[in-house]
Amino acid sequence: MPDSNHNLDRRDFLKATGALTASSAFAKSSSKTSGRVIGANDRINIGVIGCGGRGNYDAQAFARYGEQNKDACQVVAKEVEALGRRALPFAAHVGKWSDNDALADAAYKHFGRVDILVNNAGMSPLAPSLSETSEELFDKIVDVNFKGPFRLSSLIGERMVKGDGGVIINLSSTAAFLPMAHTIPYGGAKAAIGVMTVALAKAFAPKVRVNCIAPGPFLTDVSTVWRENEAAKNALGLKRFGEPEEIVGTALYLASDASSYTTGQVIRVDGGSW
């Protein structure tokens, strides 16, 4: 079974450069909805998302329904603006405390508030073996996958509590539930995201809802390594890999009032990765 996040939906925020650079796009919605439906209701969304793979779909979806290498981030921001929304591309290293501080400050300075935070930064490089996993690699994996989301969620969440509330959506992985020897640091960091999700839901209640999506293998432009792996495909309950748009609905559900009574939950969108 391929790991859903190792080969696919992150575009690493490291793009092809190997540099630990995470990029973000902020989008402001102007759509109006009524009742508990999927919509953003003029909310300010900050998404720490990749400008490639599933990140593109997430950014565009939040822009359409009311919700990255820096050049790529600017491209995605322009696509969001083309949908009639405002966007602010902001390059940051999510594994660095100070960059998360700057990211949060930039969002509040530019938009005045943040209503929805999506933590989708991640990386999952493989080491030659367990004993050959360097300390530097281990720290990078934990920094990007857990340290950054913890810091940014803490900063934004506390401001949400002081304001009008909000929503935080974390991205985990099926690696957190299906331990494999070659993904121990990554799977451990993603398991920590699940723990953090519940803990922050308790800490920020009742004004802020915190939930998590655990994706399975999705076919994006960075899934070329395993997309022809028939054994992995047949191991899934649905016998196929996911299409990027199939995770959008879950993200929009958790961001909207349709999930107003849902918090502290980890939702698996994995095609049956049992």
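The values are calculated or read from the model by the stated rules, or taken from the named source; none is laboratory data. Bear in mind that the values here come from a model prediction, so they are computed numbers and not experimental data. Note that each Cβ is placed from the backbone with ideal geometry, even for glycine, and that neighbours are counted across all protein chains shown.
Worth a mention:
- Residue count for segment 127-164 under the criterion of being in a helix (DSSP H, G or I), farther than 19 Å from Val208 by Cβ and of a type outside the set (Phe, Trp, Tyr): the result is 11.
- Condition met for Ser259 (in contact with a helix residue (DSSP H, G or I) (Cβ under 9 Å, 6 or more places away or on another chain), hydroxyl-bearing (Ser, Thr, Tyr), more than 23 Å from Leu117 (Cα to Cα) and modelled with pLDDT of 90 or more): no
- Members of segment 103-116 that are small (Gly, Ala, Ser) and either closer than 11 Å to Ile156 by Cβ or modelled with pLDDT of 95 or more (or both): Ala104, Ala107
- Those residues of segment 74-86 which are buried (at least 22 other Cβ atoms within 10 Å of the Cβ) and among the small types (Gly, Ala, Ser), in sequence order: Ala77
- So Ala107, is it crowded, with 16+ Cβ neighbours inside 10 Å and either of a type in the set (Lys, Arg) or part of a helix (DSSP H, G or I) (or both): yes
- Residue match in segment 73-96 (condition: at pLDDT 85 or above, under 17 Å from Arg159 (Cα atoms) and either among the aromatic types (Phe, Trp, Tyr) or part of a helix (DSSP H, G or I) (or both)): no
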